[in-house]
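Participant: My structure is below; once you've seen it, I'll send some questions.
The values are calculated or read from the model by the stated rules, or taken from the named source; none is laboratory data. Remember, predicted model here, so these are calculated numbers, not experimental data. No Cβ is skipped: glycine too gets one built from the backbone with ideal geometry, and neighbour counts run over all protein chains shown.
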Amino acid sequence: MHPESDRHLLTPVMADLLDKIRRADRPPFHTQSVAEARAAYQSASEVLELPRASLARVQDIRIPAADGVPLAARLYAASNEALPVLMYLHGGGFTIGNLETHDSLCRQLALRSGAAVVALDYRLAPEQRFPVAVEDAWAAMHWLARHAGTLGLDAARLAVGGDSAGGTLAAVCAIHARDRGLKLRAQVLITPGTTAFADTPSHRRFASGYLLEAAGIEWFFNHYIEAAQRSDWRFAPLEADDLEGVAPACVVLAECDPLVDEGVAYADRLRQASVAVELELVRGVTHDFIKLGRVLTEARAAQALIGSVLRHAFSS
């Protein structure tokens, strides 16, 4: 149950949705096998999302990983012009999620930004543990910077984004791009994880009853990474020595999310490093709210904000 002192923070729609989820009594991810959790996440992923928007172009492609393995990816574009590109990295704790679970969201981002979105199906844990997901994301980013033109896109205007674990990967991509001299127009971090040990006050405050739960976070991380590796900045970007010179950031956070404190802390670190930051703290909603556009006006507003930020970033 929600602690009474925090329950009032939720919007009525969000509170009602959490009550319905609780009454459905579905087994939490951390009580399931990885295969079961993946299937459950996919079957539920678009129930509360906006219907898949029709776009001029939706194309399945392959992008080579650093070790040569072809990674599935999907290109979304609202026109056939030479558009700028947002590489998108899906959430799911590095363990679940795929192109289908985030298809509706990627279509909305393409529609609202006017840019092409290339969603990457990076390899998941536990089959491929840290840092494979990071390396896949980096390889895809570099490939797009060199080869987006072969897809009829504008390789000179590239951004990276993602939600949850994908937001972590996007933040790490932005640091790596800075280090390699690759200029990104923006980084879009939606409810990202940035700390090493899930030990902020919001992790305790929202540990249970707010969609993403402490036991689930630990289940994801145990599949993905060894405890001794968690202070690596490629897992916890707050551990990076220096953030100066990374791409301008749009950071979208949920108030009732275990990850909210580390999202704020990362936005603060970016600002301290003189990085331009647009921070949107969405009141009364939980982690994963961005994928609940059918029922939450806040999700649709956040998608529109991200679209606007990207339009500006790509036009400047």
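Participant: Out of the residues in region 146-165 meeting the condition of being assigned to a helix (DSSP H, G or I) and under 22 Å from the mean Cα position of the chain (by Cα), tell me which one is farthest from Pro84 (Cα to Cα).
Facilitator: The initial filter retains those residues of region 146-165 that are assigned to a helix (DSSP H, G or I), namely 146-151, 165.
Among the residues that remain, those that are also under 22 Å from the mean Cα position of the chain (by Cα) are: 148, 165.
Values: Ala148: 9, Ala165: 24 Å.
Among those residues, the one meeting the criterion is Ala165.
Participant: Working carefully through the options Leu243, Leu158, Leu153, Leu212, find the one that is surrounded by 18 or more Cβ atoms within 10 Å (Cβ to Cβ), within 15 Å of His287 (Cα to Cα), hydrophobic (A, V, I, L, M, F, W, C) and at pLDDT 95 or above.
Facilitator: Working: Leu243 fails: within 15 Å of His287 (Cα to Cα); Leu158 fails: within 15 Å of His287 (Cα to Cα); Leu153 fails: within 15 Å of His287 (Cα to Cα).
When all the criteria are applied, what remains is Leu212.
Participant: If the requirement is being farther than 18 Å from Ile217 by Cβ, assigned to a helix (DSSP H, G or I) and among the hydrophobic types (A, V, I, L, M, F, W, C), which of these qualifies: Leu279, Leu310?
Facilitator: Result of the check over Leu279, Leu310: Leu310.
Participant: Output the residue which, of all residues in region 217-247 that are without any contact (Cβ under 8 Å) to a residue 24 or more places away in the chain and part of a helix (DSSP H, G or I), is nearest to Phe29 (Cα to Cα). Spell out the reasoning first.
Facilitator: The initial filter retains those residues of region 217-247 that are without any contact (Cβ under 8 Å) to a residue 24 or more places away in the chain, namely 222, 227-228, 241.
With part of a helix (DSSP H, G or I) added as a condition, the list becomes 222, 227-228.
On the way: Asn222: 13, Ala227: 20, Ala228: 24 Å.
Looking at the filtered set, the residue picked out is Asn222.
Participant: From the list Leu99, Leu50, Leu10, which one is more than 23 Å from Arg123 (Cβ to Cβ), modelled with pLDDT of 95 or more, touching a His at 6+ places or on another chain (Cβ under 9 Å) and part of a loop (DSSP other than H, G, I, E, B)? Break it down stepwise before answering.
Facilitator: Values: Leu99 fails: more than 23 Å from Arg123 (Cβ to Cβ); Leu50 fails: touching a His at 6+ places or on another chain (Cβ under 9 Å).
Being more than 23 Å from Arg123 (Cβ to Cβ), modelled with pLDDT of 95 or more, touching a His at 6+ places or on another chain (Cβ under 9 Å) and part of a loop (DSSP other than H, G, I, E, B) holds for just one of Leu99, Leu50, Leu10, which is Leu10.
Participant: Checking Leu18 against (1) farther than 18 Å from Glu213 by Cβ; (2) surrounded by 14 or more Cβ atoms within 10 Å (Cβ to Cβ): exactly one of these is not met. Which one?
Facilitator: (1) is the only condition that Leu18 fails.
Participant: Show the residue pairs that are 6+ apart or on different chains and have beta-carbon atoms under 7 Å apart, the first residue being within region 64-90 and over 12 Å from Ala115 (Cα atoms), the second being of a type in the set (Ser, Thr, Tyr) and part of a loop (DSSP other than H, G, I, E, B).
Facilitator: Leu71/Tyr122; Leu89/Tyr122; His90/Thr101
Participant: I've got another one for you. List the number of the failed condition for Thr195; all other conditions in (1) polar (S, T, N, Q); (2) assigned to a loop (DSSP other than H, G, I, E, B); (3) free of Cβ contacts under 8 Å to residues at least 40 places away in the same chain hold.
Facilitator: Checking Thr195 against (1) polar (S, T, N, Q); (2) assigned to a loop (DSSP other than H, G, I, E, B); (3) free of Cβ contacts under 8 Å to residues at least 40 places away in the same chain, the one that fails is (3).
Participant: Any chance region 64-74 includes a residue that's out of contact with any helix residue (DSSP H, G or I) (no Cβ under 6 Å at 6 or more places or on another chain), surrounded by 17 or more Cβ atoms within 10 Å (Cβ to Cβ) and not in a strand (DSSP E or B)?
Facilitator: no
Participant: If you go through region 102-132, how many residues are under 28 Å from Ala236 (Cβ atoms), over 12 Å from the mean Cα position of the chain (by Cα) and not in a helix (DSSP H, G or I)?
Facilitator: Count: 13.
Participant: Continuing with the same structure: Check region 265-280 and report whether any residue there is of a type in the set (Lys, Arg), touching a helix residue (DSSP H, G or I) at 6+ places or on another chain (Cβ under 9 Å), surrounded by fewer than 23 Cβ atoms within 10 Å (Cβ to Cβ) and within 16 Å of Ile175 (Cα to Cα). I'd like the intermediate steps shown before the answer.
Facilitator: Step one: of region 265-280, the residues of a type in the set (Lys, Arg) are 269, 271.
Subsequent filtering for residues that are touching a helix residue (DSSP H, G or I) at 6+ places or on another chain (Cβ under 9 Å) retains 269.
Now narrow it down to the ones that are surrounded by fewer than 23 Cβ atoms within 10 Å (Cβ to Cβ): 269.
Remaining after also requiring within 16 Å of Ile175 (Cα to Cα): 269.
Taking every residue of region 265-280 in turn, at least one turns out to be of a type in the set (Lys, Arg), touching a helix residue (DSSP H, G or I) at 6+ places or on another chain (Cβ under 9 Å), surrounded by fewer than 23 Cβ atoms within 10 Å (Cβ to Cβ) and within 16 Å of Ile175 (Cα to Cα).
Participant: When residues of region 258-316 are filtered for being without any contact (Cβ under 8 Å) to a residue 24 or more places away in the chain and of a type in the set (Lys, Arg), how many remain?
Facilitator: 1
Participant: Now for a different question. Tell me, yes or no, whether region 284-302 has at least one residue that is part of a helix (DSSP H, G or I), surrounded by fewer than 17 Cβ atoms within 10 Å (Cβ to Cβ) and either of a type outside the set (Phe, Trp, Tyr) or touching an Asp or Glu at 6+ places or on another chain (Cβ under 9 Å) (or both).
Facilitator: Residues of region 284-302 part of a helix (DSSP H, G or I): 289-291, 297-302.
Narrowing further to those that are surrounded by fewer than 17 Cβ atoms within 10 Å (Cβ to Cβ): 297, 301.
Still in the list and also either of a type outside the set (Phe, Trp, Tyr) or touching an Asp or Glu at 6+ places or on another chain (Cβ under 9 Å) (or both): 297, 301.
Yes; the residues of region 284-302 include at least one that is part of a helix (DSSP H, G or I), surrounded by fewer than 17 Cβ atoms within 10 Å (Cβ to Cβ) and either of a type outside the set (Phe, Trp, Tyr) or touching an Asp or Glu at 6+ places or on another chain (Cβ under 9 Å) (or both).
Participant: Can you tell me how many residues in region 161-184 are out of contact with any helix residue (DSSP H, G or I) (no Cβ under 6 Å at 6 or more places or on another chain) and surrounded by fewer than 24 Cβ atoms within 10 Å (Cβ to Cβ)? Let's see the steps before the verdict.
Facilitator: Keep residues of region 161-184 that are out of contact with any helix residue (DSSP H, G or I) (no Cβ under 6 Å at 6 or more places or on another chain), which gives 164-168, 170, 174-175, 177-181, 183.
With the extra rule that they be surrounded by fewer than 24 Cβ atoms within 10 Å (Cβ to Cβ), the set shrinks to 175, 177-181, 183.
Matching residues across region 161-184 total 7.
Participant: Restricting attention to region 196-228, report how many residues are in contact with a helix residue (DSSP H, G or I) (Cβ under 9 Å, 6 or more places away or on another chain) and of a type in the set (D, E, K, R).
Facilitator: Result for region 196-228: 4.
Participant: Considering each residue of region 13-44, count those that are closer than 25 Å to Glu298 by Cα and touching a Pro at 6+ places or on another chain (Cβ under 7 Å), and give that number.
Facilitator: Residues that pass the stated criteria total 0.
Participant: While we're looking at this one, here's another question. Please pick out the residue among Arg271, Arg185 that is over 15 Å from the mean Cα position of the chain (by Cα) and assigned to a helix (DSSP H, G or I). Quick ask: steps written out before the conclusion?
Facilitator: On the way: Arg185 fails: assigned to a helix (DSSP H, G or I).
Answer to the check: Arg271.
Participant: To continue, here is another question. Run down Arg129, Arg112 and say which single residue is basic (Lys, Arg), touching a His at 6+ places or on another chain (Cβ under 8 Å), surrounded by fewer than 24 Cβ atoms within 10 Å (Cβ to Cβ) and modelled with pLDDT of 95 or more. Talk me through it step by step, then tell me what you get.
Facilitator: Working: Arg112 fails: touching a His at 6+ places or on another chain (Cβ under 8 Å).
On inspection, the qualifying residue turns out to be Arg129.
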